[in-house]
Amino acid sequence: MLLFLIPSSVLANELGLSVVETDAVGIIEVEPDICYINLNVITEATSSTLSQQQNAGAVNKVMQSMINNGIQKKDITTGRFSTYNYKEKESSAIKYITNSSMKITVKDLDKVGLLLTELAKFKDVNISNVGYDVADVAKYKQAAINQAIKEARENIEMTAKSLGMTLDKVQRVRISFHHSSSVIPIYAVKGEAMMENLATPQPQNPENIRISASVHLEYSIK
């Protein structure tokens, strides 16, 4: 766990106010502990009914494959579902495409590479991205806020001491919070290239997740 603190202090009573104020930011970097694989199952057929039937079959096969590889059914969810048609330029035939989105939550990050390899075996699957995050953001959020407030108090106390002033009461506290996830885009490859090296799990080395809290603190001066 890495902590970065960015302080900035201003003596407000130089503007005719009896207040000392400061801003501080606490930033924590932690390794991700959860992964989200977002994908689309896309099927094409000569009729809407056939396309949807093929899509349902493909979705079921993907779900069963993930379950066979240790993913719980509750961690496999489906999202958007749509069917549309288009006319082929050469034959003028009408083709129907059905698209189902899926999200797979992976709690054992050691399995991510293997799961990506398994998904690559399905010709109807396009993986859009792989996202990494932390499951319990609140735990790190509190730590970031604590660090930011600690730094803000130190800034104000040092400023008041340097100017020979005595702090009185907290007048205002403003806190904002932000955390960033790590998303790795996956570019689908069709044909024979997609089937190469299927026995080799896709390597994954995600960036750390950054969690930060910004604090604005004001104290009155006696």
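The values are calculated or read from the model by the stated rules, or taken from the named source; none is laboratory data. Because the structure is a prediction, the values reported are computed rather than measured. Cβ atoms come from the backbone with ideal geometry, glycine included; neighbour counts cover every protein chain shown.
Numbers below:
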item	result
The listed residue being modelled with pLDDT of 95 or more and either within 23 Å of the chain's Cα centre (by Cα) or farther than 30 Å from Val183 by Cβ (or both), out of Thr98, Thr105, Thr159	Thr105
From the options Ile156, Ile67, residue that is closer than 30 Å to Tyr219 by Cα and not polar (S, T, N, Q)	Ile156
Check on Ala45, touching a residue at least 60 places away in the same chain (Cβ under 8 Å), at negative phi and among the small types (Gly, Ala, Ser)	no
Selection within region 111-122 - crowded, with 16+ Cβ neighbours inside 10 Å and in contact with a Leu (Cβ under 7 Å, 6 or more places away or on another chain)	Thr117, Leu119, Ala120
Pairs with Cβ under 9 Å, 6+ apart, first in region 206-222 and farther than 9 Å from Ser180 by Cβ and at pLDDT 90 or above, second of a type in the set (Ser, Thr, Tyr) and crowded, with 21+ Cβ neighbours inside 10 Å	Val215/Thr22; His216/Thr22; Leu217/Thr22; Glu218/Thr22; Tyr219/Thr22
Conditions (1) free of Cβ contacts under 8 Å to residues at least 24 places away in the same chain; (2) in contact with a strand residue (DSSP E or B) (Cβ under 7 Å, 6 or more places away or on another chain); (3) under 26 Å from His179 (Cα atoms); (4) polar (S, T, N, Q); number of the one not met by Gln147	(1)
